[in-house]
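Note sheet for the following structure.
The values are calculated or read from the model by the stated rules, or taken from the named source; none is laboratory data. Fair warning: this is a prediction, and the values are worked out from it, not measured in the lab. Cβ placement follows ideal geometry from the backbone for every residue including glycine, while neighbour counts extend to all protein chains displayed.
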Amino acid sequence: MRDACFLFLFSCFYLWPFARTFGPFCDEGVLVYGAQLVKDGALPYRDFIDLIGPGSWYWLALFFKIFGTKFWIARGVLVLTGAATAILIYWMTRRLYRGPLDMLPALFFLLVAIPVWPAVNHHWDSDLFALIAVGAVFLWQDKRLLRYLIMTGVVAGVTSCFMQQKGLFLVLAFLIVILVNGHRAGEPKNQILSRVGTLLAGYAGAGALIILFFYLRGGLYDLIYWTLIFPARSYYGENLTPYGFGLFEFHWPSWQAFSNHFFPPWVSNCLGMALSIPLLAIMALPFLLVILLVTSYFVRTNRPMFLNELMLPYWAAGLALWISELHRKDIYHLIYGAPLLLILLFVTWNKVTRDKWVLRNLGFSVVIAGLLSFGTYNAFVVGAAKHQFTTRRGTVYTFKEDTALRFLHDHIQRGEQVLVYPYYPMYYFLADIRNPTRFNVMLHWADTDPFFNEAVAALEQKRVKYILWDTVVDGENLKKWFPAYRHPSEEKLPLERYMRNHYKVVRVESGWRILQRIDGF
């Protein structure tokens, strides 16, 4: 208990400097601004549109309703999510192993996960609820009470409200656990089927409540279209990336640019290699586990150990989480899917190398050195965010002044309609302004022409005075983040054409063109 309390307090202490810092994480605004709209009575997919599940909006809106619509509330939820996730990983590790370094998987995820993407994110929310569902399965294993299976199904259903496939894959994993462990134990088929039915009833019940809620509010078709039909048809093809994308494209150049100011190139390269260790370990997780399993096969005492009744839920749920994030195989999504596989790697490494102390300690030494380097570097960098700016949603810290946000505060009234294009909805939230369209993210994916035409109609009808048009996240530059992106030809860009014809650039601030409507239009 004392160690868990220490871990929780340390997690909050370590994560808070990241949480108070406002950075260029475009997706965060989709959740935070969406939660604000939900708190004010809007219905997702009907009144505003994105492709994520509704869970994160309602989860964060609950905190906004209780504590106020503030930046620090949103980031406080992020800190508590990270701390609670670390505690769950620690508890799950200790179910399999108690001894030296049993806090390592929790600390690994703590130091690598949120610091790499320190922003409100439906992946963090879905991981938290997914681990709660896994914990409920463990309680059922320990106590054999059906109420824990009902809880498992319900929480897996809630997880699907954050990320549709994650909750579904978890339920499939739990079904495998129930069927395989029941068959191994020689339990009656009726008993096994009763457990399956209980689990599925909890999952289906949670889903039915969500469907009923949207049906009663007249948004059921919109829910189905934007969370199932449109993503399957248009989203996943545009979101393809190479495996581990981001490590060498973004992080390595950033590390080199920083360290070259202080050290000669060979020292910078060594530092970069040390900082790469945790992320390379994440990329290698499934392959390392396969190697350890194959190795363990030749040690007879280990054969039944890794897939026994106690460990099977870790494997099934761990792979479910991993697979649920492979729709985009960049380094960030690999991290989102890693918490249970980290536990498995730690436990299997301990067991496979228990008679090979030199190899065992060498492996742990490399990982710990990489974690210390990674954690220290990130803490040092985020500590450099000294610029303080008081927004309409509270104080934020940045690395330099955001003059575009300053413009919104100085020239735009609260509640005024301004389009931020193609997307950075955190500006809507922090400046307390409104998006004149239903679309908080506007990218030219397949089958999006009708939505751009709708946005043009909204701008024309509402006579929107100002538009912020990004000069960085725009056009062919989008391939930097979306390698499979294909920018349309000029004749297929109705919104861009409308902006050029009806607006003029009055200034450029922090990479944003400030467009003002031309008199007479």
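Computed values, structure above
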read-out: Residue in the stretch 111-127 that is aliphatic (A, V, I, L, M), assigned to a helix (DSSP H, G or I) and within 17 Å of PHE364 (Cβ to Cβ) present; value: yes
read-out: Qualifying residue in the stretch 328-341 (condition: farther than 19 Å from MET305 by Cβ, basic (Lys, Arg) and part of a loop (DSSP other than H, G, I, E, B)); value: yes
read-out: Flag if LYS462 is touching a Pro at 6+ places or on another chain (Cβ under 6 Å), assigned by TED's automatic domain parsing to the domain that holds GLY415, more than 25 Å from PHE25 (Cα to Cα) and surrounded by fewer than 17 Cβ atoms within 10 Å (Cβ to Cβ); value: yes
read-out: Filter result (in contact (Cβ under 8 Å) with a residue 60 or more places away in the chain and under 18 Å from PHE364 (Cα atoms)) within the stretch 251-287; value: ALA274, LEU275, SER276, ILE277, PRO278, LEU279, ALA281, ILE282, LEU285
read-out: Unique match (being at pLDDT 95 or above and farther than 19 Å from GLY53 by Cβ) among ILE192, ILE176; value: ILE176
read-out: Unique residue being touching a strand residue (DSSP E or B) at 6+ places or on another chain (Cβ under 8 Å) and of a type in the set (D, E, K, R) when the list is ARG46, ARG20; value: ARG20
read-out: Options LEU344, LEU321; residue that is surrounded by 20 or more Cβ atoms within 10 Å (Cβ to Cβ), within 22 Å of ILE114 (Cα to Cα) and free of Cβ contacts under 8 Å to residues at least 60 places away in the same chain; value: LEU344
read-out: Options PHE63, PHE67; residue that is in the same structural domain as PHE138 (by TED's automatic domain parsing), at pLDDT 95 or above, crowded, with 17+ Cβ neighbours inside 10 Å and aromatic (Phe, Trp, Tyr); value: PHE63
read-out: Residue match in the stretch 23-30 (condition: part of a helix (DSSP H, G or I), touching a helix residue (DSSP H, G or I) at 6+ places or on another chain (Cβ under 6 Å), in contact (Cβ under 8 Å) with a residue 40 or more places away in the chain and farther than 23 Å from THR437 by Cβ); value: no
read-out: Failed item in (1) over 18 Å from the mean Cα position of the chain (by Cα); (2) closer than 30 Å to THR448 by Cβ, with SER324 passing the rest; value: (1)
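A quick yes/no check of all residues on (1) surrounded by fewer than 18 Cβ atoms within 10 Å (Cβ to Cβ); (2) touching a Cys at 6+ places or on another chain (Cβ under 6 Å); (3) within 26 Å of ILE229 (Cα to Cα); (4) touching a residue at least 12 places away in the same chain (Cβ under 8 Å):
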| site | (1), (2), (3), (4) |
| --- | --- |
| GLY383 | yes, no, no, yes |
| THR403 | yes, no, no, yes |
| GLN417 | no, no, no, yes |
| ALA457 | yes, no, yes, no |
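Here is a yes/no grid of residues against (1) surrounded by 21 or more Cβ atoms within 10 Å (Cβ to Cβ); (2) not hydrophobic (A, V, I, L, M, F, W, C):
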position: TYR428; (1), (2): yes, yes
position: ASP447; (1), (2): no, yes
position: TYR498; (1), (2): no, yes
position: TRP512; (1), (2): yes, no
